[in-house]
1. In whole percent, what relative contact order does the range B:137-288 give with Cα contacts below 8 Å and a gap of six or more residues?
2. Whose amide H sits under 5 Å from the amide H of residue B:48, counting only residues 5 or more places off or on another chain, with H placed in the peptide plane?
3. D for the range A:1-114, whole µm²/s, Stokes-Einstein with Kirkwood Rh over alpha-carbon pairs at 10 °C and 1.306 mPa s: what number?
4. Among the complete DSSP H segments of chain B, which ones combine at least 20 Å of alpha-carbon extent along their axis with a mean Kyte-Doolittle hydropathy of 0.5 or more?
5. Would you mind working out the magnitude of the charge dipole of the protein assembly as shown relative to its Cα centre, with +1 at each Lys and Arg C-beta and -1 at each Asp and Glu C-beta, to the nearest 20 Debye?
6. Show that you can apply the helix-only estimate: for chain B, add -39,500 (n - 2.57) for every DSSP H stretch of four or more residues, divide by all residues, and state [θ] at 222 nm to the nearest 500.
7. Taking the radius of gyration and the Kirkwood hydrodynamic radius from Cα positions alone, what is the Rg/Rh ratio for the protein assembly as shown, to two decimal places?
8. Restricted to Cα positions, what overall size does the range A:135-268 have along the principal axes? Three whole-Å values, descending.
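Values quoted throughout were computed directly from the atomic coordinates according to the rules given, and no laboratory measurement underlies them. Quantities reported herein were computed from a predicted structural model and do not represent experimental measurements. With ideal geometry, Cβ positions are generated from the backbone for all residues, glycine too; neighbour counts draw on all protein chains shown.
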Amino acid sequence: MKKNSKLSSLYMGIIFFLMYMPVAVVIIFSFNESKLPVRFTGFSLKWYQELLGDSAMIEALGNSLILGVASCLVSAVIGTLGAVGLSRIHWKTKSALEYVSILPLMIPEIILGMVLMAFFYLLNIPFGMLTLLLGHTVFCVPYILMEVKARLAGMDPSLEEAARDLGAGSFRAFWDITLPLIMPAVVSGSLLAFAMSMDDVVISIFVNGPRISTLPVKVYTQLKTGVTPEINALCTLMLVFTLGVLAVYSLAVWLLKRKNRLFSIKEK
Amino acid sequence: MSRTKTKKHSSSVWMILPLYFFTLVFVAGPLIYMVALSFAQPGSGSAVEWNLTLENYRKILDPVYLQTFRESFQLALTSTVIICILGYPFGYFMAKMSESWKKKAMLLLMLPFWINSLIRLYGWIIILQNRGILNHVLKALGIIDKPLKLLYSYPAIVVGMVYVLLPFMILSVYSSAEKLDWSLVEAARDLGAGKAKAFWTVSFKLTLPGLLSGVILTFIPSMGLFFIADILGGNKIVLVGSLIQEQMTRGSNWPFAAALAVVLMILTSLMIGLYRKITNVKELEGIG
């Protein structure tokens with residue numbers, strides 16, 4: 001009964017094909033000599049050269065990288081401490097806080113973008129890197145919070161209690177015992193947050209202001225005006241970059257898991 | 001024991017403070033401001049005048065804007081139905097795969113999440129444009145003489161929506177089909193049910209929560225994904241999302257944009273509430 005027919009495998013194959021075909025098309029035509037993405041006329045790297053000469057693009061890329069790293073670091077601190085704190089305190093407002101803090105993942109992006117724009121304007125924060133950082137941190141914190149929370153749920157609380165009984169302060173117990181144990185979740189949550197920040201168009205469009213642009217925003221405005229093979233080259237590079245981050249992520253998770261396993265074996 | 005607990009409690013407060021502060025100021029703050037803004041009056045430029053009014057909500061009932069909501073709803077519904085039809089069998093078949101194939105399929109499904117959705121939509125532009133690949137292939141096959149106008153049309157937007165949101169549906173159907181006890185299906189077959197009947201009475205009923213949560217996960221974003229309609233639809237269709245964006249930028253009517261956002265959020269929460277209710281009822285039935 002629990003078996004697939006050939007037909008269903010064929011169906012899945014077709015869906016996967018359709019899923020990856022547009023990406024493949026973008027990559028293939030980035031190496032096309034002709035400007036028109038209709039026929040492949042010959043292999044060429046000239047669009048990559050043109051891209052590297054485009055200073056506005058390079059600047060946008062720099063902005064995106066700085067923003068990604070900064071918002072991921074800030075949210076890692078807030079999210080990790082917050083998740084550990086939530087597991088320790090028993091305030092009445094705790095569940096409300098938890099609910100509101102993951103709200104950014106549940107409401108449509110467009111709403112989040114517009115309310116942040118209006119709110120920053122109200123607070124008189126000049127639009128630019130700072131508003132982008134705040135905006136990205138809003139949707140990055142929940143990813144880290146949820147990852148760390150899930151990891152804490154599977155952890156033995158007696159380890160930290162033991163440290164406290166032996167005289168360690170709350171910071172010491174956190175730094176020496178809890179943090180190393182939740183590190184895999186912190187790393188995977190942060191990388192997820194980084195990827196989300198590098199990918200974001202909607203929030204950024206609302207909070208970037210007139211002078212600063214991130215890479216996805218730049219791509220978006222270019223796509224609206226027209227299609228050039230330069231965008232193909234850019235998309236291909238972005239793709240390589242995200243896959244690189246993904247590879248680092250998998251490697252980090254694997255290494256940390258292995259380390260933890262060795263650690264627990266040694267304890268036995 | 002209680003003393004150590006209070007000590008532990010009070011000394012951990014510093015950890016929670018950044019989250020508390022950040023969430024109150026930058027998540028709760030903007031959302032509360034949005035609600036307040038929706039009752040204000042637009043001033044000149046981006047300015048807002050604080051005379052409380054219901055005018056912004058009344059304006060949504062104008063035929064023009066009501067039409068926008070209707071069109072968004074229609075598009076979201078069309079996309080969601082297609083996503084259900086395409087995604088349900090996929091998720092269901094995937095749950096029936098062997099463990100090693102499951103892992104491979106999962107990786108292939110998750111990978112697009114990591115690829116910028118703009119890149120993936122850009123691929124569709126190349127495929128669908130007038131002198132694009134699809135028209136080329138159709139012409140070569142002798143199906144058409146003149147290139148069809150595929151890009152910047154309603155179907156193009158639907159293709160984009162289905163394309164971006166399908167993985168969400170597949171994953172949620174898969175996760176509920178994965179938990180399915182296949183011996184129940186076998187039992188139904190042994191008791192004389194045909195293949196179709198066994199599927200309908202057992203498998204489908206038990207995977208319904210997955211299908212429903214997939215509907216929520218696809219329907220809600222598709223009301224707001226304005227950039228798909230923008231890139232693939234060429235401003236042919238104004239969605240609630242595009243309307244909000246327009247009112248925030250060119251229109252400079254922030255209170256109206258806020259009112260639109262409040263209504264969109266209420267619709268969203270109603271759908272989630274409805275989903276919770278439906279699935280709860282199902283659970284109770286299962287227990288009874």
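1. Numbers: 113 pairs, mean separation 37.4, N = 152.
Relative contact order here is 25 percent.
2. B:43
3. 79
4. B:63-95, B:154-178, B:205-224, B:254-287
5. On the way: 48 positive and 30 negative charges, 270 e Å.
Result for the protein assembly as shown is approximately 1300 debye, rounded to the nearest 20.
6. Details: 15 runs with 214 residues, N = 288.
The helix-only estimate for chain B comes to -24000 deg cm²/dmol at 222 nm.
7. On the way: Rg = 25.5 Å, Rh = 25.9 Å.
Rg/Rh: 0.98.
8. Sorted largest first, the three principal extents are 65, 29, 20 Å.
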